[in-house]
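Asker: Shown below is the structure under consideration.
The values are calculated or read from the model by the stated rules, or taken from the named source; none is laboratory data. Just so you know, these numbers come straight off a predicted model, no measurement behind them. Quick reminder, even Gly has a Cβ in these numbers, built from the backbone with ideal geometry, and neighbours come from all protein chains shown. SASA here: full protein model, heavy atoms, side chains in, ligands and nucleic acids out. Shrake-Rupley method; radii C 1.70, N 1.55, O 1.52, S 1.80 Å.
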Amino acid sequence: MTKNEIIEQLNEDRTAALFGEADRVRRLHCGNAVHLRGLIEFSNCCGRDCLYCGLRRSNRELKRYRMSVEEVFAAAQAAAKIGYQSVVLQSGENDQYPLFDLCGLIARIKSELKVAVTLSLGEKTREEYAALKDAGADRYLLRFETSSEKLFRALKPDSSYDERLRCLRWLGELGYQVGSGIMVGLPGQTMEMIADDILLMKELDLDMVGIGPFIANPCTPLKDAASGTLELTLKTLAIIRIVTRNTHIPATTAMGSIDPKGRQKALQCGANVLMPNVTPTRYRSLYQLYPNKICISDAPADCAGCIAGMVASLDRTIATGPGHSLKRN
Ligand code: SAM
Ligand code: SF4
Ligand code: FES
């Protein structure tokens, strides 16, 4: 698709044909199975000040936590016991979690639980990424958030767009399966920018693409901004599926948080991954990137049951295996 064709589709109100085509492309390139990744939000400490995010360091209303190595391992163990063959370790950026501890944790999860490990820890040095890879990490998620440098600078005042893209390049060079993505409906974002975002995703030849609607958080400077809509998020998702073909694309928590059927709808227009939360319940309410986040008072087993029902209701199956990149088989 050309940039103009993408913009046209983003502006189109009739979505049936687009969604149908995305579903067809998903079936053809990814099959009917849905991959599950158990998400462990192990620390809400963050050294950055992104304007959109509830974890930003200037949000003094938030009680901070950092799970111990033992607690994270126990959460990963619980995920493996449920049957998830892949876990995602996510936290704030520069959260001061000792690199040595992280590496030991990853090595232990890999050797004892035999699950795939994805990291989502933000920007790090090349040496740190290399150490985490050597410890056994398989994948890394780092959204570029927007391909507009100007908007990036406005929303992430203490980060650099070039550095973010450099990190993505390093991750690829180090042999990680790389995921990136954006928020849809950011204040100041245009259809043209979203089209550029999609073309950048294609150019980066990503293994995974994660997107979600921007959701305004009352504890941030963007509290009065309009949130993104599910409709535009789904159109963006469908186009990403058609353009990138065989990437792993999750139906994200943010989609489920702005619409009770958000994730089900995403699975029907291109998504092939779900990320059930396996964070211990007592920490969940503290990992509030945005308001009305789903699963805040649920336990890992509740989410597992809910997800199994969701997948079955759509006549899809749950994938077996770790669900590695479809580009490297
Ligand atoms: N700190 C790491 C980073 O920024 O890459 C990883 C964790 S961060 C919480 C994960 C993602 O949450 C970000 O990439 C961003 O897209 C998303 N996010 C943050 N605030 C959000 C909001 N208000 N609405 C929707 N998504 C949000
Ligand atoms: Fe920190 Fe990530 Fe939130 Fe930015 S998006 S404030 S880096 S947790
Ligand atoms: Fe957590 Fe539905 S996925 S309760």
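Asker: State in Å² the accessible area per residue of the chain; use a 1.4 Å probe, count heavy atoms of protein chains only, and round to the nearest integer. Please list the in-between numbers first.
Answerer: Values: 13350 Å² over 329 residues.
Per-residue value: 41 Å².
Asker: Need one word for the stretch 43-86: rounded, prolate or oblate. Basis is the Cα gyration tensor (sqrt eigenvalues a ≥ b ≥ c); a/c below 1.5 gives rounded, then a/b vs b/c decides. All intermediate terms of the calculation are to be shown ahead of the outcome.
Answerer: Working: a/c = 3.80, a/b = 2.36, b/c = 1.61.
The shape class here is prolate.
Asker: May I ask you to derive the relative contact order of the chain, considering only C-alpha pairs under 8 Å and at least 6 residues apart, and to give it as an integer percent? Please list the in-between numbers first.
Answerer: Numbers: 640 pairs, mean separation 81.4, N = 329.
With pairs under 8 Å counted, the relative contact order is 25 percent.
Asker: Moving to a separate point now. Taking 0.36 nm per residue of sequence separation and subtracting the Cα-Cα distance, how much length would be gained by fully extending the chain between Val69 and Arg27, in nm to one decimal? Kindly include the intermediate steps, with their values, before the conclusion.
Answerer: Working: separation 42, 0.36 × 42 = 15.12 nm, distance 3.87 nm.
Result for the pair: 11.2 nm of gain on full extension.
Asker: Work out the FRET efficiency for Arg328 and Leu99 from their Cβ-Cβ distance, taking R0 = 30 Å, and round it to the nearest 0.05. Each step should come with its number before you reach the end.
Answerer: On the way: r = 27 Å, r/R0 = 0.88.
Efficiency at R0 = 30 Å is approximately 0.70.
Asker: All other residues with a Cβ under 15 Å from the Cβ of Ile296 taken together, and with Lys, Arg as +1 and Asp, Glu as -1, what is their net charge? Walk me through the numbers on the way to the answer.
Answerer: On the way: positive: Lys63, Arg282, Arg284, Lys293; negative: Glu41, Asp298, Asp302.
Around Ile296, the surrounding residues sum to +1.
Asker: Do any trypsin sites (Lys or Arg not before Pro) in the stretch 213-306 lie in a DSSP loop with no more than 16 other beta carbon atoms within 10 Å, and if so, which? Before the final figure, lay out the partial values.
Answerer: Numbers: sites: Lys223, Lys235, Arg241, Arg245, Lys261, Arg263, Lys265, Arg282, Arg284, Lys293; in loops: Lys223, Arg245, Lys261, Lys293.
For trypsin sites (Lys or Arg not before Pro) across the stretch 213-306 that sit outside H, G, I, E and B with at most 16 neighbouring Cβ atoms in 10 Å, the list reads Lys223, Arg245, Lys261.
Asker: Now for a separate question. Please tell me which of these pairs span more than 32 angstrom C-alpha to C-alpha: Lys114/Lys156; Lys202/Lys293; Lys223/Lys265; Lys156/Lys202; Lys156/Lys235? Mind dumping the intermediate values first?
Answerer: On the way: Lys114/Lys156 36 Å; Lys202/Lys293 30 Å; Lys223/Lys265 27 Å; Lys156/Lys202 23 Å; Lys156/Lys235 25 Å.
Distance filter (> 32 Å) returns Lys114/Lys156.
Asker: Could I ask something else about it? Set the Förster radius R0 to 35 Å, insert the Cβ-Cβ distance between Ile318 and Lys223 as r into 1/(1 + (r/R0)^6), and round the FRET efficiency to 0.05.
Answerer: My answer for the efficiency is 0.35.
Asker: Distance in nm between label sites at Arg60 and Lys114, each 7 Å beyond Cα in the beta-carbon direction?
Answerer: Each label point is offset 7 Å from its Cα along the Cβ direction, giving 5.1 nm.
Asker: Divide by every residue of the chain the summed helix terms, -39500 (n - 2.57) for each DSSP H run of at least 4, and state the resulting mean residue ellipticity at 222 nm, rounded to the nearest 500 deg cm²/dmol.
Answerer: Working: 13 runs with 135 residues, N = 329.
Per the formula, -12000 deg cm²/dmol.
Asker: Something else: To the nearest Å, what is the center-to-center distance of the stretch 287-329 and the stretch 87-134, using C-alpha atoms only?
Answerer: Value for the Cα centre distance between the two parts: 21 Å.
Asker: Using a 1.4 Å probe over the heavy atoms of the protein chains, calculate the carbon and sulfur portion of the accessible area of the chain as a whole percent. Don't jump to the answer; show the numbers that get you there.
Answerer: Values: 6790 of 13350 Å².
That share works out to 51 percent.
Asker: Follow-up. Can you list the chymotrypsin sites (Phe, Trp or Tyr not before Pro) in the stretch 155-205 that are in a DSSP coil and have 12 or fewer other beta carbons within 10 angstrom?
Answerer: Working: sites: Tyr161, Trp170, Tyr176; in loops: Tyr176.
Those that pass, being in a loop and sparsely packed, number zero.
Asker: Next question, about the same structure. Nothing charged except the Cβ atoms of Lys and Arg (+1) and of Asp and Glu (-1): what's the magnitude of the dipole of the chain about its Cα centre? Round to the nearest 20 debye. Can you show the working numbers first?
Answerer: Details: 42 positive and 38 negative charges, 107 e Å.
The calculation lands at about 520 debye.
Asker: How about the stretch 174-239: which GluC sites (Glu not before Pro) there lie in a loop by DSSP and see at most 15 other Cβ atoms within 10 Å?
Answerer: Values: sites: Glu192, Glu203, Glu231; in loops: none.
Within the stretch 174-239, no GluC sites (Glu not before Pro) qualify (loop, at most 15 other Cβ atoms within 10 Å).
Asker: Related question: On a straight-distance basis, which aspartates and glutamates could pair with Lys3 in a cross-link, Cα separation under 14 angstrom, same-chain partners fewer than 8 positions away excluded?
Answerer: Hits, sequence-local ones excluded: Glu192, Asp196, Asp197, Glu203.
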